[in-house]
Amino acid sequence: MKKKIDVRVHAQSVKNVITLLICFVLLSGCGEQHAPNPETKKHTVGIILFGDSRMPQVEGFKDGMAKLGYEENKSIKYIIRNAKNKRDQLKPIINELLEEKVDLLVAAGGLEADTVKKISPNDTPVVVLYINAIIERGLVKSQLEPGWGVTGIDNLNAELSSKRVEIMRDLLPSLKKILILYYEKIAPSRIGVEKATIMANKLGIAIDARAVSSREEIREIMTKLKPGEVDAMLTVPTAPIDNALKKIILPEINRLKLPLFTHSRPLAEKGALASYGAHFYDMGMQASRLAKKILTGTDASKIPFETPKKYVYAVNKDVQTEFGIVIPSMAKSQINEYITREK
């Protein structure tokens, strides 16, 4: 009798073990379906840059993807193409990336995103790292419902031009006239001037807004600018002007000891007095989460555009010292960080 009981107990134990193993296998399979590991498939991502000024957000994006588990050259491959500030090169390099059958296109800025929409608005999903005036420029129908396979970060840089004028007034109490160069055909540039002018009028400050359409026109205005003609200069979000800053605008700013306020910390590092806006790198990091959603199966057209999580007011200590600017107490309380000129 004892022997028979042992056999039955043993048989039941084996049955229990087999049942547990089957459940483990089934549960493991279900887990893989609902929470895929980024390394289970190697994705190819094409990145388009209008120029080198877009690199901070691209680096932020790649670092963000790495933190999300996408290891470069193992679970993800990047194909980066740079138009080197030539708009006519955007279309060819985008077509080149589309021929590579990339899983995702990453537009580093607005010019890149606008061109992508003209070429491929419905096929390859798109993430935009840095853009403004998404509705006014015709990129999307609305922030919540883009209308095609695109999502990204709306930096609100044009709208923040009014805030920059207000900050400039606190930083430079004697401010009476601000020079702004802008491109009439670029929506964020035009909107930036409008927003800055509204605030300036409230504060009793004049805006000297001059439309340009080329680097030559930017150079002509800056080289002819006379001491005392304006009290400060403000940039509005315009890629061609950003790219002309180092070689054309800054030499004349230094000649005149003219305070320059900008929307970009990297531009402030190059030699502007101050900046207010979201960090390019941070926006790239933020956009990486949107990219992961797309790569794991979410339709890009169902992902609303986001705005930056924070904005930073930075002052270039080197420029402040060289220009002999004394910062009032009110302005000191507003500043988030002091930076130095890049070497």
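The values are calculated or read from the model by the stated rules, or taken from the named source; none is laboratory data. Here the structure is a predicted model, which is why all the values come from computation and not from measurement. FYI the Cβ positions are ideal-geometry reconstructions off the backbone, even for glycines, and counts take in every protein chain you see.
Of the residues that sit in the range 80-106 and are within 20 Å of ASP242 (Cα to Cα) and not charged (D, E, K, R), which one is surrounded by the fewest Cβ atoms within 10 Å (Cβ to Cβ)?
Taking the range 80-106 as the starting set, the residues that turn out to be within 20 Å of ASP242 (Cα to Cα) are 81-90.
In the following step, the residues that additionally are not charged (D, E, K, R) were identified as 82-83, 85, 89-90.
Details: ASN82: 18, ALA83: 22, ASN85: 18, GLN89: 16, LEU90: 22.
The selected residue is GLN89.
Test each condition in (1) part of a loop (DSSP other than H, G, I, E, B); (2) modelled with pLDDT of 95 or more; (3) of a type outside the set (D, E, K, R) for ILE180 and report the one that comes out false.
(1)
Working only within the range 87-130, note down all residues that are farther than 21 Å from PRO56 by Cα, assigned to a loop (DSSP other than H, G, I, E, B) and not aliphatic (A, V, I, L, M).
GLU100, LYS101, ASP103, SER120, PRO121, ASN122, ASP123, THR124, PRO125
Being among the acidic types (Asp, Glu), at pLDDT 95 or above and assigned to a loop (DSSP other than H, G, I, E, B) narrows it down to one residue among GLU217, GLU229; which is it?
That would be GLU229, the only listed residue that is among the acidic types (Asp, Glu), at pLDDT 95 or above and assigned to a loop (DSSP other than H, G, I, E, B).
Considering (1) within 29 Å of ARG137 (Cβ to Cβ); (2) at pLDDT 95 or above; (3) not in a helix (DSSP H, G or I), say which one LYS309 fails and leave the rest.
Of the numbered conditions (1) within 29 Å of ARG137 (Cβ to Cβ); (2) at pLDDT 95 or above; (3) not in a helix (DSSP H, G or I), the odd one out for LYS309 is (2).
Could you tell me whether any residue of the range 39-48 is part of a loop (DSSP other than H, G, I, E, B) and hydrophobic (A, V, I, L, M, F, W, C)?
For the range 39-48, residues part of a loop (DSSP other than H, G, I, E, B) and hydrophobic (A, V, I, L, M, F, W, C): absent.
Please verify whether ARG169 is surrounded by fewer than 23 Cβ atoms within 10 Å (Cβ to Cβ), within 18 Å of the chain's Cα centre (by Cα) and either in a loop (DSSP other than H, G, I, E, B) or of a type in the set (D, E, K, R) (or both), treating the condition exactly as stated.
Taking the combined requirement at face value, the residue does not satisfy it.
More than 30 Å from THR124 (Cβ to Cβ), among the hydroxyl-bearing types (Ser, Thr, Tyr), out of contact with any helix residue (DSSP H, G or I) (no Cβ under 6 Å at 6 or more places or on another chain) and touching a residue at least 24 places away in the same chain (Cβ under 8 Å) - does that describe any residue in the range 191-205?
Checked against the condition, which is being more than 30 Å from THR124 (Cβ to Cβ), among the hydroxyl-bearing types (Ser, Thr, Tyr), out of contact with any helix residue (DSSP H, G or I) (no Cβ under 6 Å at 6 or more places or on another chain) and touching a residue at least 24 places away in the same chain (Cβ under 8 Å), the range 191-205 yields no hits at all.
Taking the range 253-287, which residues are surrounded by fewer than 24 Cβ atoms within 10 Å (Cβ to Cβ) and among the polar types (S, T, N, Q)?
Selection gives ASN254, GLN286.
Per-residue answers, yes or no, for (1) surrounded by fewer than 20 Cβ atoms within 10 Å (Cβ to Cβ); (2) without any contact (Cβ under 8 Å) to a residue 40 or more places away in the chain; (3) not hydroxyl-bearing (Ser, Thr, Tyr):
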site	(1), (2), (3)
PRO251	yes, yes, yes
ARG289	yes, no, yes
THR296	yes, no, no
PRO304	yes, no, yes
ASN316	no, no, yes
GLN320	yes, no, yes
ILE325	yes, no, yes
LYS332	yes, yes, yes
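Residue under question is LYS247, and the condition is that it be more than 23 Å from LYS177 (Cα to Cα) and either assigned to a strand (DSSP E or B) or assigned by TED's automatic domain parsing to the domain that holds HIS43 (or both); does it hold?
On the way: more than 23 Å from LYS177 (Cα to Cα): yes; either assigned to a strand (DSSP E or B) or assigned by TED's automatic domain parsing to the domain that holds HIS43 (or both): no.
No; evaluated as a whole, the condition is false for this residue.
Quick check: anything in the range 200-213 in the same structural domain as GLN334 (by TED's automatic domain parsing), in a helix (DSSP H, G or I), modelled with pLDDT of 95 or more and acidic (Asp, Glu)?
no
Out of LEU179, LEU171, LEU156, LEU175, report the one residue that is out of contact with any helix residue (DSSP H, G or I) (no Cβ under 9 Å at 6 or more places or on another chain) and not acidic (Asp, Glu).
Values: LEU179 fails: out of contact with any helix residue (DSSP H, G or I) (no Cβ under 9 Å at 6 or more places or on another chain); LEU171 fails: out of contact with any helix residue (DSSP H, G or I) (no Cβ under 9 Å at 6 or more places or on another chain); LEU175 fails: out of contact with any helix residue (DSSP H, G or I) (no Cβ under 9 Å at 6 or more places or on another chain).
Result: LEU156 is the single residue among LEU179, LEU171, LEU156, LEU175 that is out of contact with any helix residue (DSSP H, G or I) (no Cβ under 9 Å at 6 or more places or on another chain) and not acidic (Asp, Glu).
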